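Enquirer: I'd like to ask you about the structure that follows.
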Amino acid sequence: MPANICQQLNNKNLDKESYISSLLAQMTLTEKIGQMSQLNNDNENLKTSIIKGNVGSIINEVNHESINALQRIASQESRLGIPLLIGRDVIHGFNTILPIPLGQAASWSTELVETCANIAAIESASSGVNWTFAPMIDISRDPRWGRIAESLGEDPYLCSALGCAMVKGFQGEKLSDSTSIAACAKHFAGYGASESGRDYNTTNIPENELRNVHLPPFKALAEAGVSTFMASFSDLNGVPVTGNSWLLSDILREEWQYMGMVVSDWESIPQLITHGFCMDRESAALEACLAGIDMEMASNTYAINLPSLIKNDQVNLDQINMMVSRILSLKFDLGLFEASFTESTPPLKRLNSFHLDTAKKAATKSCVLLKNNKQTLPLSKTEITSLAVIGPLADDGYEQLGTWVFDAKPSQSITCLNAIKDYVGNSVEVKFSKGLETSRSNNQEDFSKATQLAASADVAVLFLGEEAILSGEAHCRSNINLPGCQEQLINAIYETGTSIVLVIMAGRPITLEKILPKVDAVLFAWHPGTMGGPAITDLLFGETSPSGKLPVTFPRTVGQIPLYYSQKNTGRPPSDATFVDINDIQVRAAQTSLGMTSTHLDTHFSPLFPFGFGLSYTQFEYTNIQVNRQSIKVGESVEITATITNIGNYDAEEIVQLYIRDLVGSVTRPVKELKGFKGVFLTAGQSESVVFKVHTDELAFYNRQMKLKTEPGLFNAWLGSNSDAELKAEFEVV
Ligand code: BGC
């Protein structure tokens, strides 16, 4: 068989640009459009389409032999021999499942998040996957939205830092390494602002807010070299993103000079018709192509319509060449032209001890201690003799994995029940009752068994929350309390008088105000992944102290949403001095003023737990905040320092957080904005001085002219353990 074009080019040792232009010069229009098409692995014409050069990428094939077979067809049986991009949603692990992204975000550790992504890359790459659709860096301020589970939380700074770390972990040192896969910044942009937290819904985001809140993580990832972007399903200010040339071309390409490839979301091009933006599939293909979608996911509007659109001069061939060259460029960077086959590692070997240890560490660091009355936690196996383990999530290897898990075996999860039994051995009697069949059950038949166990135990540990299916794509909720009869189960166990430790596994913040007084301790574990059991057990028994901090605000009630820490002050901010509770309003009294501030009457204006919040088994004291200079010029930096002391009895890590407020802006600025964080490990009694350096560029924001500028003026800076930090300093930019 004569060598195909890629094989001929491979022998010439060309640089990337020459390689791609030589290849492009040999391609027919059909082959070019083929590169712009991604097919699902269940497509019945997959093999013939690859042979004909009609496919650039496959999604959802993970079987190693099948992937190698498809790559062989592409590189040996198609005319040109162009290898395939193999895409898969590797969101929080492949065979070894790490905590859901929102849980990983609660670790506030860029290092850990990078390692987690790297493990996911190593495992998936060994099956032949070379492209993941992660990280999802949509700013998520609505916990009703199911996809908040897949997000890195509500804050642009945290989301940018952790998102960049994930990209580094997926893409490794070099994309061409056999353990690297291409990452994807998604969903560009504003998807997290879907109305009412209903998935795929409309978003209306003023440009200023878009640029100051939603776009910064995408810009940061573009600058950090993320290989691809995915356009959001959503309608942005009346123009669905898939057809939004202002966002995809003017901002992404012209303003940011992003050179990577842009993929549509699943069938989002034909959905332009459903949006009411295009009449038919031809105009949908036209709008998407003109807007700047390089590759179409799952549907075939490009394959069918681009040939005639080009022939009729509605789409310019230069543009197609540019789009195809971005796709080929990614294939080149991945080293696919040299080697598209992979050596597989068997799945069991992929779950090696380093991966499992990291999964445990990540789960440990993602847990957030929300309450710990009278130091109920940690438990001591020498002080208690019996433990009641109760709840539908105590012993369920599937549910603890969370959303977006396709390639893991729940039988490989270690559940909390098993881990606790293993840990306490014979020293503590462990009794178990599910109490409820699932997190959604309304059947209270098993309550009596659960309460009996609790009544006869020293402590009851309840494993409640949400099953995996209740969060994730299209899994949104209008109430975010514990579903089913779980609150009643807590009430029933509370009646026994036994001390209650509540461990919650969930894909989103849960409204806990009503049940909080009934429980002594709350450990929020998100969906912790394969090693959730051992991680949670270590925390419950004090092998290590919780250090996780909330990456998202926890509201008291769903009616407070949207509720996030970096809100604007308004002209009438609420305060405790002016707050009037609905129960304190006099009946028909001449009382006309109910505080007249921006709040609800029937709930406090504060959240239940603020952004950044998380307790430890020890206490940290913040003192002596200082700035090294009272006044800096634009272009200079200020150093903000404080002393952190571990004044409790446990050695523990604290995530020190820096918040800034720009007091006056030409566009009003949030009351606080995260500008730095650091994990500091302090032994009991130890003090450390922690320094943050802030350059004036980091104080910049998009002004009314949509220019990124730092405006001179006064700034407040706080250092503390959450966004309610009170230790404050001041400096000025002149
Ligand atoms: C989701 C994307 C995902 C894609 C491929 C879509 O429904 O919105 O985030 O990457 O499917 O599975």
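Enquirer: Calculated from DSSP H runs of 4 or more alone, at -39500 (n - 2.57) each and per residue, what is the 222 nm mean residue ellipticity of the chain, nearest 500?
Expert: Helix contribution divided over all residues of the chain: -7000 deg cm²/dmol.
Enquirer: What order do you get for 457-468, 575-586, 408-419, 177-188 when each peptide is scored by the mean count of other beta carbon atoms within 10 Å, highest first? Show your work: numbers first, answer last.
Expert: Details: 457-468: 25.7, 575-586: 11.1, 408-419: 19.2, 177-188: 23.9.
Descending mean neighbour count gives 457-468, 177-188, 408-419, 575-586.
Enquirer: Search the structure for amide H atoms under 5 Å from the amide H of Asn569, placed 1.01 Å from N in the peptide plane, and list their residues when 5 or more places away or on another chain.
Expert: Under 5 Å from the amide H of Asn569: Val671.
Enquirer: Tell me the net charge near Thr643. Cut-off is 11 Å between Cβ atoms, Thr643 excluded, with +1 for each Lys or Arg and -1 for each Asp or Glu.
Expert: Spelling it out: positives minus negatives among the neighbours equals -2.
Enquirer: How high is the relative contact order of the range 21-178, in percent, counting Cα pairs under 8 Å that sit 6 or more residues apart?
Expert: Computed over the range 21-178, the figure is 20 percent.
Enquirer: Apply the Karplus parameterisation 6.51 cos²θ - 1.76 cosθ + 1.60, with θ equal to phi minus 60°, to every residue of the range 648-659 and state each ³J(HN,Hα) to the nearest whole Hz, in sequence, with x for glycine and proline.
Expert: Here the 3J(HN,Hα) series is x, 10, 10, 6, 7, 9, 10, 9, 7, 10, 10, 10 Hz.
Enquirer: If you rank Phe605, Phe681 by how much accessible surface each has, with a 1.4 Å probe, what is the order from largest down?
Expert: Solvent-accessible surface, decreasing: Phe681, Phe605.
Enquirer: Another question about this same structure. Cross-link list Lys361/Lys449; Lys431/Lys514; Lys32/Lys707; Lys360/Lys381; Lys52/Lys219; Lys360/Lys449: which exceed 30 angstrom alpha carbon to alpha carbon?
Expert: Table pairs above 30 Å Cα-Cα are Lys361/Lys449; Lys32/Lys707; Lys52/Lys219; Lys360/Lys449.
Enquirer: For the range 281-354 and the range 167-240, what is the centre-to-centre distance using only Cα atoms, to the nearest Å?
Expert: Taking the Cα centre of the range 167-240 as reference, the centre of the range 281-354 is 18 Å away.
Enquirer: Taking Lys633 as the anchor, which aspartates and glutamates have their alpha carbon closer than 14 Å to its alpha carbon, excluding any fewer than eight residues away along the same chain?
Expert: In chain and number order, the partners are Asp697, Glu698, Glu711, Glu732.
Enquirer: Applying the Karplus parametrisation 6.51 cos²θ - 1.76 cosθ + 1.60 with θ = phi - 60° to the phi angles of the range 594-604, what ³J(HN,Hα) value in whole Hz is obtained for each residue in order, glycine and proline being reported as x?
Expert: So the J values, rounded to whole Hz, are 10, x, 6, 10, 7, 7, 9, 7, 9, 7, 5.
Enquirer: What's the center-to-center distance, using Cα atoms, between the range 534-553 and the range 385-441 in Å?
Expert: Here the answer is 16 Å between Cα centres.
Enquirer: Also: In whole angstrom, note down how far apart the Cα centers of the range 693-734 and the range 613-690 are.
Expert: So the two Cα centres are separated by 14 Å.
Enquirer: While we're looking at this one, here's another question. Put His600, His475, His64 in order of accessible area, largest first, 1.4 Å probe: what do you get? Provide the component values of the computation, followed by the final result.
Expert: Working: His600 85, His475 65, His64 25 Å².
Ranked from most to least accessible, the order is His600, His475, His64.
Enquirer: Of all trypsin sites (Lys or Arg not before Pro) in the range 1-45, which ones are in loop regions per DSSP and have a Cβ with at most 15 other Cβ atoms within 10 Å?
Expert: On the way: sites: Lys12, Lys16, Lys32; in loops: Lys12.
Sites meeting the loop and neighbour criteria: Lys12.
Enquirer: If you rank Tyr423, Tyr702, Tyr200 by how much accessible surface each has, with a 1.4 Å probe, what is the order from largest down? Numbers along the way, then the final one.
Expert: Numbers: Tyr423 50, Tyr702 25, Tyr200 100 Å².
Ranking Tyr423, Tyr702, Tyr200 by accessible area, largest first, yields Tyr200, Tyr423, Tyr702.
Enquirer: With 18 Å as the limit, write out which pairs from Lys186/Lys672; Lys675/Lys728; Lys374/Lys518 have Cα-Cα distances beyond it, or answer none. Display every interim value, and only then the final one.
Expert: On the way: Lys186/Lys672 26 Å; Lys675/Lys728 14 Å; Lys374/Lys518 14 Å.
In this structure, Lys186/Lys672 exceed 18 Å between Cα atoms.
The values are calculated or read from the model by the stated rules, or taken from the named source; none is laboratory data. It should be emphasised that the depicted structure is a prediction, and the values quoted were computed from it without experimental measurement. Note: ideal-geometry Cβ built from the backbone for every residue, glycine included; neighbour counts use all protein chains shown. The accessibility values were calculated without ligands, DNA or RNA, using every heavy atom of the protein model including side chains. Shrake-Rupley method; radii C 1.70, N 1.55, O 1.52, S 1.80 Å.
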